[in-house]
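Below is one structure, written out as structure tokens, with a few remarks after it.
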Amino acid sequence: MRRTLLIATAEIREGMRNRWILGATSVLTLFAMSLAVLGTAPIGEIKAGAPAVITVSLASLSVYVVPLLALMLSFDAIGAEAERGTLLLLLTYPLTRRQVLLGKFLGHFVILAQAVLTGFGAAALYIVFSTETVIGDWTVYGAMLGSTLLLGAVFLSLGYLLSVFVRSPATALNAALGLWLALAVFYDFLILSLILAEDGDLIGGKLIGALLHANPVDVYRIFNLGGSGAAAFVSGMAGVSGFDATSPALLLGIMAAWVAVPLWAAIVLFERREV
């Protein structure tokens, strides 16, 4: 465990000096603050507090930005070092391949968490000082923040699997962008097309629910926007809770499985890979 943490610490130090990461953190903070300002503007009255309103906006932003940031951090984590020859040097130390991969994953997760917490934390501070809220209003915001970190971990895990499986960093980058487009953009278009086909007679509600639960991005959406709380009221997705098997614990369990399975596969492939 100590060696894994040493790798993670080195990865964090290197990442914090990366201007790309600093720029991504700044952009995420700018977007979050913009949504917070717009979400607290006095344009009417709804039966939901400011944190619930901002939760809907930030969750809608996160499904696109956080997966992309996670993939950009992780797609060349192994492949780029192998190409430069530094991976072979690293493996000459008394470290197992599992420790190297897990240490890098942990370091990148901390970097991603720092970006998310900085951006969303700034938005939360703005809400605190600009509106009147109660402690109960922050439950949905805290759940969104935690699930956003879990969504980031999902795509970090997928990025590591790509980095181990694809030897060329350039090819891994194309694969990462394709994966992001497939899960975050085109997947929902496909489901919508199936729903609209033949006036909705092609597939039933249970199959739609199963397809939604098969995609970690949609699981994140359902958890934050389709529950029974104020966020569902604001987002207009309260009806999603009508699907079977949408309990918060199950949704989080699905996302956790999306973290564990690709990461385990990446470890297995890395241990068998020739450097």
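The values are calculated or read from the model by the stated rules, or taken from the named source; none is laboratory data. Only a predicted model underlies this, so the values are computations on that prediction, with no experimental measurement involved. So basically every Cβ, Gly included, is an ideal-geometry build from the backbone, and we count neighbours across all protein chains shown.
Here are a few things to note about the model shown:
- Within the set Leu173, Leu88, the sole residue that is more than 29 Å from Arg2 (Cα to Cα) and among the hydrophobic types (A, V, I, L, M, F, W, C) turns out to be Leu173.
- Among residues of segment 1-19 that are surrounded by 15 or more Cβ atoms within 10 Å (Cβ to Cβ), those with a Cβ under 7 angstrom from a residue that is of a type in the set (Lys, Arg) and part of a helix (DSSP H, G or I), sequence gap 6+ or separate chain, pair up as Ile7/Lys104; Glu11/Lys104.
- Helices (runs of 4 or more DSSP H) contained entirely in segment 75-142, each with at least 2 residues that are over 29 Å from Gly23 (Cβ atoms) and touching a residue at least 60 places away in the same chain (Cβ under 8 Å): 97-130
- The set of residues from segment 95-132 being among the aliphatic types (A, V, I, L, M) and buried (at least 17 other Cβ atoms within 10 Å of the Cβ) comprises Val100, Leu101, Leu102, Leu106, Ile111, Leu112, Ala115, Val116, Ala123, Ala124, Ile127.
- For Ser163, the stated conditions do not hold, so it cannot be described as more than 29 Å from Ala143 (Cβ to Cβ), small (Gly, Ala, Ser), at pLDDT below 85 and part of a helix (DSSP H, G or I).
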